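Reading through the structure tokens given below for one structure.
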Amino acid sequence: MNRDPNGIADLERRLQALLEESVQRVGGRARSRLNQARHAALAEAQRADRWHPRRRLATRVGRPGLWVPAAGGLTAALLVAFVLWPHAPRGYPPAQASRATAQDLELLADRDGMELMQNGDGQFYEWAMAQADASGQPSASGAAAQGKAHGQSGDADTGRNSG
Amino acid sequence: MPAASHGDVDLSDSSKARCRALSQFLAGVEVRAFKIAQVALRHEDDALDAVQDAMLQLARAYADRPAQEWRPLFYRILENRIRDMQRRRTVRNRVISWLPLRAQGDEDEPDPIAQAVSDDPQPARRLEIEEAMTALQKAIAALPRRQQQAFLLRTLEGLDVAQTAKAMGCSEGSVKTHYFRALQTLRAQLGEPLA
């Protein structure tokens, strides 16, 4: 079976080579400024590390006066957690639920994906399946292809029917 | 002695190792990040500013995160920065369009090193590559922003689909569609580049 039926992998290789070439040609002035920026960032990281609360705590951890407020803070945190716990929503954890909602909204807004699924000439499916084969894992697009085969609107990500 | 003195507080061995790792990471991504910003902003100095801001922000806020998270985080920050600069530029252009014409000679001086005559032994081939690169950069710049992002992060930076999705703040399926669309458009515009 041809793993690159539409020549897409070949196109990718060529484009990648051209982009690599353009990276090699980045001039000395830009490289010099990037070097300076990197050093500034590292200085910033050291400064942030020095003033990081955890780090400051570590430098004081041997001092006896530290333990009293720390124990007080821990007690307060436990108390707050105890008071709030029964009111936590049931079902999905909040982080997971909000992520799922965000993804749903994105899918509904993804018209590109819809068009590719519904009006495409099949290239996208072939490519997506080849990608999934190459990675050895089922992909979202692979699932989309299966969905289409069953007469559904397709990819959970890109082909969800918004209408 | 377990820690080296650095300013008023000692830097531990783990902090020094983290700084070294961060330095290596930044050195590894900086030129590609610059190219990505340059394609999006079409201006070298703006692109350098964007990369510098992204580096600073990563170092300031995320240096203590696991190193494998840095790459998508860095590109997420860079994309936000690029978007901010594009918005600011749009506003600035609107304001400038109301002002009298700028004086001639405001443009940046050409870089003398870039202008120097090349002693390349294969000028014809180089010219061919040069033309192909120019055409590619124009075609990428004309792509819709999300397609451009997906294409550059996947092809130039080599992020996988999951990392690209994190960097773009969207689902993996969306990355695939944006990326595939970009490839289709580029093939339609460029044919078979440097066949």
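Laboratory data are not the source of any read-out in this text; all were calculated from the coordinates shown. Keep in mind that what you see is a predicted model, and the values were worked out from it rather than measured. Cβ placement follows ideal geometry from the backbone for every residue including glycine, while neighbour counts extend to all protein chains displayed.
Numbers below:
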read-out	value
Proximal charge balance of residue B:157 [Cβ under 14 Å; K/R count +1, D/E count -1]	+1
Most to least packed among A:22-30, A:8-16, B:178-186 [average Cβ atoms within 10 Å]	B:178-186, A:8-16, A:22-30
Potential lengthening between residue B:135 and residue B:90 on full extension [0.36 nm per residue; Cα-Cα distance subtracted]	13.7 nm
Test item: Cα-centred dipole of the range B:132-190, Lys/Arg +1 and Asp/Glu -1 on Cβ, debye	180
Rough spin-label spacing in nm, given labels placed 7 Å along Cα→Cβ, for residue B:122 and residue B:43	3.7
Dipole in debye (nearest 20) - the range B:11-98, about Cα centre, beta carbon charges: Lys, Arg +1; Asp, Glu -1	260
